[in-house]
Amino acid sequence: MPESILNGLFFYVLAVVILGGAIMTITRRNAVHSAIWLVVTLMGVAGLYLHLNAEFLAAVQILVYIGGIMVLFLFVIMLVNLDEAAKQRQFNRQWSLALICTLVVLVEFGFFLMRGAGSFAFAEPGQGALKPNTELMAVALFQDYLLPFEIASLLLLVAILGAVLMAKKEI
Amino acid sequence: MNEYFSPIDFLVLKPVILLTLFGIGVMLTDLFLDQQHKYMNAVTALVGLAFAAVQLWLIQSEMAAQGVAQIEAFRGAVVLDRFAIYFSWIFLISSAIAILIAIRYLEIEQEHHGEHYAIMLFAAVGMMVLVMGMDLVTLFIALELMVLSVYILTGFLRRDRRSNEAALKYLLLGAFSSGILAYGMSLLYGMSGSTNLNVIADSLAARPAGDPLVLIAITAIAAGLFFKVGAVPFHQWLPDAYEGAPTSVTAFMSVGPKAASFAFLLRMFLVPLGSAREEWLPLLVGVSIATMTLGNLAAISQSNVKRLLAYSAISHAGYLLLGLVSGNETGMKGIAIYFLVYTFMNMGAFAVIVALRRRDLIGDEIDDMAGLMYKCPTAAVLMLIFLLSLAGIPPTAGFLGKYFIFLSLIETGHITLAVIAVLYVAVALYYYFRIVAVMFMREPVDQEKLSFSPGIRIALGVTAAMTILIGLYPEPFIQFAGSTVLSILR
């Protein structure tokens with residue numbers, strides 16, 4: 001079917017963008033370049049959300065991650081003196097060993113996923129008019145997953161507390 | 001009809017809500033306390049734990065009176081069964097003891113801040129929700145709340161290099177292992193279309209044996225969970241984190257978060273992955289043998305007591321995994337009673353190390369224990385009791401946990417495993433007795449008297465009393481543990 005081929009193509013192009021961006025993020029010497037490649041990765045993820053008909057998530061991904069968090073990243077990078085870091089060795093001594101291990105795991109996972117691909121049941125697309133995206137999000141967050149949502153607020157509180165504790169000179 | 005939040009939900013979460021409120025309360029009152037009165041924060045936190053304990057007791061007795069085995073809440077996201085209640089008791093007790101021994105220690109380190117106690121209470125919240133959780137999202141977030149709190153507590157001595165290094169290592173490796181765990185969970189969700197553990201269990205049970213996807217899911221989840229409980233080959237973070245963390249925090253993380261991670265591991269392996277027992281059993285056997293071997297052999301050559309106890313903690317994780325290998329009622333009972341006993345004996349041993357801390361002496365090298373018998377006979381005798389118990393010598397309580405686990409192995413026909421485990425107990429005796437020999441046989445290096453703060457007095461008294469009491473009169477504790485773990489066996 002042409003539609004499924006198009007769907008597949010869309011997914012693989014995005015996957016290449018996401019993974020390529022991620023690899024570039026960790027291999028660049030200049031931290032600003034890394035941050036910008038991370039933007040590419042996050043854009044790719046936003047594209048995947050669109051592909052899954054989750055427009056709201058895609059918009060939030062772009063607004064919060066690319067708009068907010070990446071700008072903060074760049075601020076921090078510019079505040080911190082990175083000349084010293086640029087001179088240091090970028091990879092540690094075990095990188096070749098790590099690469100071999102990763103490849104082995106990749107082959108292993110690939111093999112199992114290929115064998116088991118048939119056992120993933122694909123969901124049927126919803127019939128008729130779907131509820132608006134934001135409404136579905138609200139139902140998921142405030143009804144089905146109310147408790148994790150509340151605990152996540154506590155998690156963020158602890159994270160802020162920890163960041164302040166570690167960073168402040170005198171408490 | 002559209003009940004988003006019912007009185008039942010509130011009832012189930014009451015202890016957790018109280019702990020959260022007291023945690024926030026500690027942070028607020030900390031602002032008004034000067035440096036001399038920071039200990040009031042500890043008092044507030046202890047009161048919070050006491051309130052939560054009273055609530056838990058009320059819920060427990062109400063459930064017993066009405067004959068209810070479990071209460072579901074939040075649309076099945078959490079379930080309060082006897083298993084969850086039992087482990088919640090362990091978390092409350094271990095948090096209380098950790099707070100008691102932290103007061104003086106943090107004063108000496110000059111890092112006595114109210115946030116320490118607040119974060120400890122938040123960690124307790126994470127642990128309690130973790131043992132109640134029946135939903136992948138809830139479980140994951142509760143786990144992260146717990147470990148994030150422990151990362152911060154590990155790095156609490158901000159001016160100490162060891163503490164910083166330990167926190168950073170623990171954070172990086174912990175985040176990585178959480179990622180692997182989340183990957184395994186996503187596969188479970190992909191196969192069943194639900195995040196509820198019971199639904200996942202039914203969906204996996206319908207699959208053919210040896211399904212490759214189930215195998216990957218098991219591998220990823222097992223790797224993540226083995227990291228959290230410190231089983232070989234995912235144990236490297238543990239000695240560094242235990243050595244670098246403030247000793248009072250080491251005591252806490254060796255018991256509370258470890259018991260919580262282990263309860264989580266039991267839940268995952270017995271409920272959603274229960275039908276795939278044939279697949280994960282060989283993995284579990286291998287990991288538990290490797291864990292006992294490495295933990296016990298590496299402990300022999302340690303010169304730092306905290307590091308030695310870290311390796312001993314690894315070996316204990318190996319024994320506990322054996323309880324899951326046998327997987328029958330006795331094995332589960334053994335795991336439950338092991339943790340109760342472990343709470344008291346391990347925290348007691350760390351409390352003695354905390355008592356050794358002075359301004360000029362960290363007190364965590366084995367040599368610092370030299371001649372403790374002549375300097376302070378009480379501390380030396382208490383340490384002897386805790387070490388005997390850790391080694392599993394009757395009549396101390398430690399014997400009981402090992403006894404049930406070995407018994408369950410024999411019952412299920414794993415004779416070889418039982419023999420190996422018993423052999424390693426002999427090895428463990430050797431390195432525990434190295435500490436004893438230093439305490440009793442060597443001359444003290446200095447004559448400075450030990451002074452016990454009231455908090456450490458209470459902590460040592462309670463832990464020692466319980467270690468001996470459970471050993472001498474185990475019947476009620478065995479019954480309590482035995483009645484609680486049945487709810488997890490499907």
Study note, to complete from the structure: Inverse of <1/r> over all distinct C-alpha pairs of segment B:46-183, i.e. the Kirkwood Rh in Å, gives 16.5
Check your understanding: Once a ≥ b ≥ c are taken as the square roots of the eigenvalues of the Cα gyration tensor of segment B:135-187, is the result rounded (a/c under 1.5), prolate (a/b larger than b/c) or oblate (a/b not larger than b/c)?
Key -> oblate
**Study point:** Potential extension, B:A175-B:M441 segment - 0.36 nm per residue separation minus Cα distance
**Key:** 91.3 nm
Exercise for review: Please label the shape of segment A:1-87 as rounded, prolate or oblate, based on the square roots a ≥ b ≥ c of the eigenvalues of the alpha-carbon gyration tensor (a/c under 1.5 means rounded; beyond that, a/b larger than b/c means prolate, else oblate).
Suggested key: oblate
Review point. Quick one: Karplus J couplings for segment B:405-415, per residue in order, coefficients 6.51, -1.76, 1.60, θ = phi - 60°, nearest Hz, x for Gly and Pro?
Key: 5, 5, 4, 5, 5, 5, 4, 8, x, 8, 5
Practice item. Sticking with the crude label model, points 7 Å out along Cα→Cβ, report the distance from B:D367 to B:R207 in nm, one decimal please. Key: 5.5
Check your understanding: In sequence order, what are the phi-derived ³J(HN,Hα) couplings for segment A:101-110 according to the Karplus relation 6.51 cos²θ - 1.76 cosθ + 1.60 with θ = phi - 60°, rounded to whole Hz, with x for glycine and proline?
Key -> 4, 4, 5, 4, 4, 4, 4, 4, 5, x
Check your understanding: What would the Debye formula give as log10 I(q)/I(0) at q = 0.13, 0.14, 0.20 Å⁻¹ for the alpha-carbon point model of segment B:250-379, no solvent?
Key -> -0.63, -0.70, -1.16
Practice item. Positive end of the charge dipole of segment B:200-338 (Lys, Arg +1 and Asp, Glu -1 on Cβ, about the Cα centre): tell me which of B:L265, B:S288, B:H316 has its Cα farthest that way. Key: B:H316
Review point. Rounded to the nearest 10 Å², what accessible area does B:R82 show when all protein chains are kept and the probe is 1.4 Å?
Key: 100
Revision key, fill the gap. Excluding residues fewer than 8 positions from B:K333 in its own chain, the aspartates and glutamates with Cα under 13 Å of it are B:E475
Check your understanding: Does segment B:20-113 come out rounded, prolate or oblate, given a ≥ b ≥ c as the square roots of the eigenvalues of its C-alpha gyration tensor, rounded meaning a/c under 1.5 and, failing that, prolate meaning a/b above b/c?
Key -> prolate
Review point. Over what distance in Å are the Cα centres of segment A:1-47 and segment B:439-490 separated?
Key: 55
Exercise for review: Give the Kirkwood hydrodynamic radius (Å, one decimal) of the protein assembly as shown, defined as one over the mean of 1/r across all pairs of different Cα atoms.
Suggested key: 26.4
Practice item. Of the options B:I335, B:I468, A:L42, report the single residue whose Cα projects farthest towards the positive end of the charge dipole of the protein assembly as shown (beta-carbon charges: Lys, Arg +1; Asp, Glu -1). Key: B:I468
Check your understanding: Ranked from the most accessible area to the least, with a 1.4 Å probe and all protein chains present, what is the order of B:I221, A:I5, B:I93?
Key -> A:I5, B:I93, B:I221
Practice item. Compute the Rg/Rh shape ratio of chain A: radius of gyration over Kirkwood radius, all on alpha-carbon atoms. Key: 1.03
Check your understanding: Can you give the convex hull volume per residue for the Cα atoms of segment A:131-171, as a whole number of Å³?
Key -> 63
Review point. With every protein chain left in place, what is the accessible area of B:T484 in Å² (1.4 Å probe, nearest 10)?
Key: 10
Practice item. Just list whichever of B:K169/B:K228; B:K169/B:K306; B:K258/B:K449 have alpha carbons separated by over 22 Å in the model shown. Key: B:K258/B:K449
Study note, to complete from the structure: Ranking B:T378, B:T250 from most to least accessible area with a 1.4 Å probe gives B:T378, B:T250
Point to revise | Low-density loop positions, trypsin sites (Lys or Arg not before Pro), segment B:101-163 - DSSP coil, at most 10 other Cβ in 10 Å | key: B:R159
Point to revise | Area of B:L361 that stays accessible when all protein chains are in place (1.4 Å probe, Å², to 10) | key: 40
Review point. How large is ³J(HN,Hα) for each residue in segment B:427-442, as worked out from phi by the Karplus curve 6.51 cos²θ - 1.76 cosθ + 1.60 (θ = phi - 60°), to whole Hz, x for Gly and Pro?
Key: 4, 4, 4, 4, 6, 5, 6, 4, 4, 4, 4, 4, 5, 9, 9, 8
Check your understanding: Out of every Cα-Cα pair in segment B:7-488, what percent are more than 28 Å apart?
Key -> 49
Check your understanding: Per the Kirkwood formula on distinct C-alpha pairs, the Rh of segment B:116-214 is how many angstrom?
Key -> 15.2
Check your understanding: Hey, if we sort A:R115, A:R89, B:R434 by accessible area with the 1.4 Å probe, largest down, what's the order?
Key -> A:R89, A:R115, B:R434
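The values are calculated or read from the model by the stated rules, or taken from the named source; none is laboratory data. Not measured: the values here are computed from a predicted model. Here Cβ is always computed from backbone atoms with ideal geometry, including for glycine, and neighbour counts include all displayed protein chains. Side chains are part of the model used for accessible areas, which takes the heavy atoms of the whole protein and leaves out ligands, DNA and RNA. Shrake-Rupley method; radii C 1.70, N 1.55, O 1.52, S 1.80 Å.
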